[in-house]
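Working notes, beginning with the structure itself.
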Amino acid sequence: MAPATSPGGLIGAAMGKAGGTRPFILKTLGPAEALRAALAPLAPRMLAAWLYGSVAKGSDSARDIDVLIVADELTLEEVYAALGPAEKRLGRPVSPTLHTQKEFKRRRTAGNAFLAKVLAGEHILLMGTEDAVSTAR
């Protein structure tokens, strides 16, 4: 086996140079940082945004990147336009779900299966705070 410090050794494997695997850091923090940068211009009009699904769990098998956004003053078209550069950088489509605060609260209170699964599962807060959604107007 190659030494741990060589490109083919353990460090090389961890950095994705062996077996074609992507490092855990790139799979989770890489997409999160790219999405944060893409969403930053929209942040003043967002209450919260989360990365969820396979990418948030660190799975390399994810075909797309799932994002949940709560905002009262954004359109889905604006969100898709903002996320376009992140899609190119990450090499995967980004699939946003957009809810108004009222709709988010209503669905969460009603026990909506989708929101319950997202919020109970692995997710990464991209913008805002989890409390902002429940405490804002």
Next item on the list: Output the peptides 49-56, 102-109 sorted from most to least packed, where packing is the average of other Cβ atoms within 10 Å over each peptide's residues.
Entry: 49-56, 102-109
Margin query: Under 5 Å between amide hydrogens, which residues at least 5 positions from Ala48 or on another chain qualify, with H placed 1.01 Å from N in the peptide plane?
Written below: Val70
Next item on the list: Rank-order 81-90, 61-70 by packing density, defined as the average count of other C-beta atoms within 10 Å over each peptide's residues, highest first.
Entry: 61-70, 81-90
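All of the numbers you see were taken from the coordinates with simple rules; none came from a lab. Everything quoted here is computed from the prediction, not taken from an experiment. A quick note on method: Cβ atoms are made from the backbone with ideal geometry, for glycine too, and the neighbour counts reach across all protein chains shown.
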